[in-house]
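Working notes for the structure below.
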Amino acid sequence: MYTVGLQSAADAFLLASLKAQVVIALIILFLILVFGVGTHKESFDEHAPVFLPGYHLLAIIPFFRKRFEFLNEGFKVTGQSLFQFSMLKDTVIVVSGESGRKAFFSNKHLDLTEGFKVLSGAIPMVNGVTSDLQSRRIALIHKRLASVQNSEALTRLIHPILEDTRRVMESWGPEGTFDPFEHVYKLVFQTTVRSITCDEIADDPMLVQKLKDLYDTLDSGTTPATVILPWLPTPSMLRKLCATKKIYDIVVHAVNTRQASGVARDDTLQMLLDNGDEKLVVVGFIMGLLVAGARATGTTASWLITYLGGHQEWREKAVVEVEQLLASYHSSGTTSLSAHLAAVPLEAWESETPVIDALIHETLRVAQPHTAMRRNLGPDVLIDSKTIPSGAYVLYPFSDVHLNPELYPDPWTFDPARKPANVPYGYVGWGGGKTVCLGQRLARMELKLIVAMFLLSFQFDLVDKDGHQPQALPRPNWNDILLCRPETGHCYIRYQKCMLSL
Ligand code: HEM
């Protein structure tokens with residue numbers, strides 16, 4: 001469980017003067033650098049992946065700050081399809097190419113949870129709640145996630161998600177300009193809170209904003225030091241600790257209040273409680289999946305709206321598609337757009353939207369900067385005749401396949417009509433092999449409902465900070481591992497409401 005003692009220490013440290021914090025952190029870091037880090041021993045084993053030259057601890061800082069460039073540079077300077085570097089005492093091997101990704105996605109010993117937990121630093125860790133989760137509990141969380149996405153449960157979510165979307169879009173006013181990476185992301189956070197948590201939280205915009213701010217603190221607090229040396233009491237680590245504790249408190253409070261009220265509601269928390277799961281599973285489900293879901297779906301929605309803003313022909317095709325849906329499933333007596341859209345059945349959203357499906361598919365190819373992370377929990381593995389030792393961490397950057405010009409000519413160009421790459425694991429937007437996204441059905445539905453509402457509610461296009469049409473469309477920044485966000489000031493959405501009643 002979360003240790004209150006650690007929390008008090010964190011509070012005390014944060015209250016100490018900045019100077020004292022920096023001095024303490026520097027002394028500890030100095031001791032580590034002097035005594036704790038050895039250089040790697042050159043291996044003469046012909047089966048060992050080549051080491052990134054010039055290795056020292058500071059050389060891997062770009063792995064956290066500019067991951068796309070760091071990994072590309074690694075392949076370039078080593079000239080190999082696999083290379084390795086060390087993170088303190090851990091070995092990290094980066095793989096690429098067709099045989100690399102085949103082995104990566106199909107080997108049953110390469111474990112996602114162990115890899116992600118250590119290398120990402122992105123999921124809030126609470127002992128026994130989100131860290132040290134036994135595989136039995138993880139399996140249970142995945143099972144509950146499947147229940148959230150059965151047809152009946154997803155159908156129930158359509159109306160509340162559209163209502164949240166309507167409320168947020170109304171708050172944008174009749175016209176204006178916004179940064180999609182702020183506004184659309186925030187909207188997706190709201191709809192994900194609605195889908196994954198409970199009405200008490202989702203109905204309280206201030207609380208949702210607070211949760212989002214806390215998750216943002218976790219993101220900005222994820223520094224090289226907090227990942228490599230998670231126990232080092234740097235200011236970032238302590239801020240992360242405080243944010244995690246506050247998220248935990250919000251979730252536990254919601255769970256306790258619902259249980260104490262004895263009043264059943266029709267939401268995800270109720271489903272979890274009705275299943276009689278232990279509190280660890282309920283809280284772990286909400287804390288872990290909220291962040292996993294909101295980040296990936298928020299990034300995708302932000303880029304999807306950005307691309308629609310910059311591609312008039314695709315915008316028009318998508319509008320026609322949604323209008324056809326509304327015509328096919330017309331509901332009499334409803335006046336608002338959200339109510340009309342809510343009348344479209346789940347099956348139609350899932351099988352009658354080929355244009356939006358193609359838009360999502362291409363957005364994930366070009367603007368999802370994911371690096372898959374695993375740990376080899378089995379015996380040594382051979383990939384491309386190089387050894388991945390037992391216990392080593394293994395990475396596969398999605399850029400290797402999704403931005404490969406041989407598979408996707410002119411890879412940075414957004415083209416939803418492009419031909420599929422006909423090679424094994426030629427597209428891994430939703431994962432591949434034994435690890436595929438377990439929230440895909442929910443994510444796709446959220447994306448479609450939000451995009452449909454936006455397309456029919458507003459006329460919009462893409463502008464730069466001066467309100468002019470940009471010379472070139474923004475390019476996803478794969479070094480930004482969370483949002484893939486283009487440089488600030490490069491892209492905004494200019495919109496004008498075209499519906500009286502959303
Ligand atoms: C557009 C939105 C999303 C995208 C593009 C996406 C993409 C992915 C990808 C690529 C993976 C595999 C990662 C890897 O191999 O390293 C994955 C795994 C996963 N995703 Fe998503 N995801 C999205 C939304 C969601 C949502 C909304 C949830 C839950 C609420 C979710 C839950 C999960 C889980 C639990 C896994 C791990 C599966 C496992 O351990 O086997 N995802 N996702």
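The values are calculated or read from the model by the stated rules, or taken from the named source; none is laboratory data. As the structure is a computational prediction, the values presented were derived from the model and not from experiment. Positions of Cβ are generated from backbone atoms using ideal geometry, with glycine treated the same way; all protein chains shown enter the neighbour counts. For the accessible areas, the whole protein counts, side chains as well, though only heavy atoms, and no ligand, DNA or RNA atoms are used. Shrake-Rupley method; radii C 1.70, N 1.55, O 1.52, S 1.80 Å.
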Inset, instruction - Answer yes if at least one residue in region 436-456 is at positive phi, within 16 Å of the ligand (Cβ to nearest atom) and in a loop (DSSP other than H, G, I, E, B), and no otherwise. - result: no
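When you look at residue 85, is it modelled with pLDDT of 95 or more and either in a helix (DSSP H, G or I) or open to solvent by less than 40 Å² (accessible area, probe 1.4 Å) (or both), yes or no?
Taking the combined requirement at face value, the residue does not satisfy it.
Filter region 369-386 for residues that are of a type in the set (S, T, N, Q) and either open to solvent by less than 40 Å² (accessible area, probe 1.4 Å) or within 14 Å of residue 113 (Cβ to Cβ) (or both) and give the result. Even if it seems obvious, please write down each step before you answer.
Start the filter on region 369-386 by keeping residues that are of a type in the set (S, T, N, Q), which leaves 371, 376, 385.
Those that are of a type in the set (S, T, N, Q) and either open to solvent by less than 40 Å² (accessible area, probe 1.4 Å) or within 14 Å of residue 113 (Cβ to Cβ) (or both): 371, 376.
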Legend entry - Of all residues making up region 340-382, the number that are within 16 Å of the ligand (Cβ to nearest atom), in contact with a strand residue (DSSP E or B) (Cβ under 8 Å, 6 or more places away or on another chain) and more than 30 Å from residue 475 (Cβ to Cβ): 3
Inset, instruction - From (1) under 30 Å from residue 346 (Cβ atoms); (2) free of Cβ contacts under 8 Å to residues at least 60 places away in the same chain; (3) open to solvent by 30 Å² or more (accessible area, probe 1.4 Å), pick out the condition that doesn't hold for residue 407. - result: (1)
Inset, instruction - Scan region 155-171 for residues that are open to solvent by 30 Å² or more (accessible area, probe 1.4 Å) and not polar (S, T, N, Q) and report the count. - result: 7
Inset, instruction - For region 454-466, indicate whether the set of residues that are in contact with a helix residue (DSSP H, G or I) (Cβ under 7 Å, 6 or more places away or on another chain), surrounded by fewer than 16 Cβ atoms within 10 Å (Cβ to Cβ) and not small (Gly, Ala, Ser) is non-empty. - result: no
Inset, instruction - Take residue 222 and decide whether it is closer than 27 Å to residue 477 by Cα and either of a type in the set (S, T, N, Q) or surrounded by fewer than 18 Cβ atoms within 10 Å (Cβ to Cβ) (or both). - result: yes
Legend entry - Residues satisfying the stated conditions in region 293-328, i.e. surrounded by 20 or more Cβ atoms within 10 Å (Cβ to Cβ) and among the hydrophobic types (A, V, I, L, M, F, W, C): 294, 296, 301, 303, 304, 305, 308, 314, 318, 322, 325
Legend entry - So residue 355, is it open to solvent by 10 Å² or more (accessible area, probe 1.4 Å) and more than 27 Å from residue 96 (Cα to Cα): yes
Inset, instruction - List the strands (runs of 3 or more DSSP E) that sit entirely inside region 356-409 and contain at least 2 residues that are hydrophobic (A, V, I, L, M, F, W, C) and closer than 19 Å to residue 71 by Cα. - result: 371-376, 393-397
Inset, instruction - Restricting attention to region 182-211, report how many residues are open to solvent by less than 20 Å² (accessible area, probe 1.4 Å) and free of Cβ contacts under 8 Å to residues at least 40 places away in the same chain. - result: 2
Inset, instruction - Report yes if some residue within region 316-333 is more than 30 Å from residue 399 (Cα to Cα), over 20 Å from the mean Cα position of the chain (by Cα) and within 16 Å of the ligand (Cβ to nearest atom); otherwise report no. - result: no
